[in-house]
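Engineer: Can you read through this structure? Questions will come right after.
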Ligand code: SAH
Ligand code: DHB
Ligand code: MG
């Protein structure tokens, strides 16, 4: 198994179907310039999220974990002109970088960045409008993934698509005794997902320009 080959094929797919435009390239550059670690999804993963959002006919998207706004741009571009994306970020400096990139992408009328602890904001969202989202992307800190999913369900309706990033972690999830809190968080999440009869779900593993990982994909029953 060759990482080099996985990367080359990922680049091949990217050149065909996942090309970044100026705004996406700039979003990555701005993250680098600000010293933000490259925690963003890859171009092909961004396109994949965009395709899922289109499949879900999404008008309202919730993202948990904005970072530099890279996945936000891919997702927001799936929305119709009257669509709306709310994205949550705990780090105000990261949020400021994301805001600039979202403005540059011409998406500032569609995207609403909320700065704070995701669980707090999710609780407020719950009370605030109770409105359901068509798609929810979970991609913040890993230990509370299970809690994020439970909150996501409260903000859903039958048919809502819920995606969670980084649930394979180079296969570390196979190690039941792994010490890393991130690994433990996604192991707990994956187990919960398997026993959750409110959704129909699977996990796809991904290889390519990013390390070996995976995304959980669920649709609310
Ligand atoms: N979705 C982004 C990457 C997100 S990286 C992309 O693919 O482009 C994860 C982000 O979650 C980081 O920016 C981190 O600051 C943020 N985060 C971590 N803990 C959080 C919390 N409790 N609430 C909200 N955001 C959090
Ligand atoms: C990390 C978080 C992510 O969402 C990701 O895709 C990669 C890395 C991290 O916290 O290290
Ligand atoms: Mg991620």
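The values are calculated or read from the model by the stated rules, or taken from the named source; none is laboratory data. Just so you know, these numbers come straight off a predicted model, no measurement behind them. Note that each Cβ is placed from the backbone with ideal geometry, even for glycine, and that neighbours are counted across all protein chains shown.
Engineer: Is it the case that some residue within the range 2-19 is touching a residue at least 24 places away in the same chain (Cβ under 8 Å), touching a strand residue (DSSP E or B) at 6+ places or on another chain (Cβ under 8 Å) and under 27 Å from residue 219 (Cα atoms)?
Structural biologist: Checked against the condition, which is being touching a residue at least 24 places away in the same chain (Cβ under 8 Å), touching a strand residue (DSSP E or B) at 6+ places or on another chain (Cβ under 8 Å) and under 27 Å from residue 219 (Cα atoms), the range 2-19 yields no hits at all.
Engineer: Look at residue 124 and say whether it is within 14 Å of ligand 1 (Cβ to nearest atom) and modelled with pLDDT under 95.
Structural biologist: yes
Engineer: Mind telling me which of the residues 41, 110, 81, 97 ends up being near ligand 1 (Cβ under 10 Å from one of its atoms) and over 15 Å from the mean Cα position of the chain (by Cα)?
Structural biologist: 97
Engineer: Another question, if that's okay. Just for the range 127-140: of the residues that are away from ligand 1 (no atom under 15 Å from the Cβ) and at pLDDT 95 or above, which one is nearest to residue 160 (Cα to Cα)? First the steps, then the outcome.
Structural biologist: In the first step, residues of the range 127-140 are kept if they are away from ligand 1 (no atom under 15 Å from the Cβ); the result is 127-134.
Now drop any that are not at pLDDT 95 or above, which leaves 133-134.
Details: 133: 7, 134: 5 Å.
Among them, the one singled out is 134.
Engineer: Please specify each residue of the range 49-79 satisfying the condition of being within 13 Å of residue 161 (Cβ to Cβ), in contact (Cβ under 8 Å) with a residue 40 or more places away in the chain and in a helix (DSSP H, G or I).
Structural biologist: Scanning the range 49-79 gives 49, 52, 53, 55, 75.
Engineer: Then there is this: Against the condition closer than 20 Å to residue 32 by Cβ and either without any contact (Cβ under 8 Å) to a residue 12 or more places away in the chain or surrounded by fewer than 19 Cβ atoms within 10 Å (Cβ to Cβ) (or both), how does residue 82 come out, does it pass?
Structural biologist: Taking the combined requirement at face value, the residue does not satisfy it.
Engineer: Turning to a different aspect of this structure: Of all residues in the range 85-117 being without any contact (Cβ under 8 Å) to a residue 40 or more places away in the chain and assigned to a loop (DSSP other than H, G, I, E, B), which is farthest from ligand 3 (Cβ to nearest atom)?
Structural biologist: It comes out as 109.
Engineer: Only one of 177, 182 is under 17 Å from the mean Cα position of the chain (by Cα), surrounded by fewer than 22 Cβ atoms within 10 Å (Cβ to Cβ), on the phi < 0 side of the Ramachandran plot and not in a strand (DSSP E or B); which?
Structural biologist: 182
Engineer: Residue 197 fails exactly one of the following numbered conditions: (1) free of Cβ contacts under 8 Å to residues at least 40 places away in the same chain; (2) within 21 Å of residue 40 (Cα to Cα). What is the number of that condition?
Structural biologist: Residue 197 satisfies all of (1) free of Cβ contacts under 8 Å to residues at least 40 places away in the same chain; (2) within 21 Å of residue 40 (Cα to Cα) except (2).
Engineer: Can you go through 120, 126, 141 and tell me which one is within 13 Å of the chain's Cα centre (by Cα) and either more than 16 Å from ligand 3 (Cβ to nearest atom) or surrounded by fewer than 20 Cβ atoms within 10 Å (Cβ to Cβ) (or both)?
Structural biologist: On inspection, the qualifying residue turns out to be 141.
Engineer: Yes or no: the range 152-168 includes at least one residue that is without any contact (Cβ under 8 Å) to a residue 40 or more places away in the chain, on the phi < 0 side of the Ramachandran plot and more than 15 Å from the chain's Cα centre (by Cα).
Structural biologist: Taking the range 152-168 as the starting set, the residues that turn out to be without any contact (Cβ under 8 Å) to a residue 40 or more places away in the chain are 154.
With on the phi < 0 side of the Ramachandran plot added as a condition, the list becomes 154.
With the extra rule that they be more than 15 Å from the chain's Cα centre (by Cα), the set shrinks to 154.
Checking the range 152-168: at least one residue is without any contact (Cβ under 8 Å) to a residue 40 or more places away in the chain, on the phi < 0 side of the Ramachandran plot and more than 15 Å from the chain's Cα centre (by Cα).
Engineer: Within the range 144-152, does at least one residue satisfy the condition of being in contact with a helix residue (DSSP H, G or I) (Cβ under 7 Å, 6 or more places away or on another chain) and in a loop (DSSP other than H, G, I, E, B)?
Structural biologist: Checked the range 144-152: at least one residue is in contact with a helix residue (DSSP H, G or I) (Cβ under 7 Å, 6 or more places away or on another chain) and in a loop (DSSP other than H, G, I, E, B).
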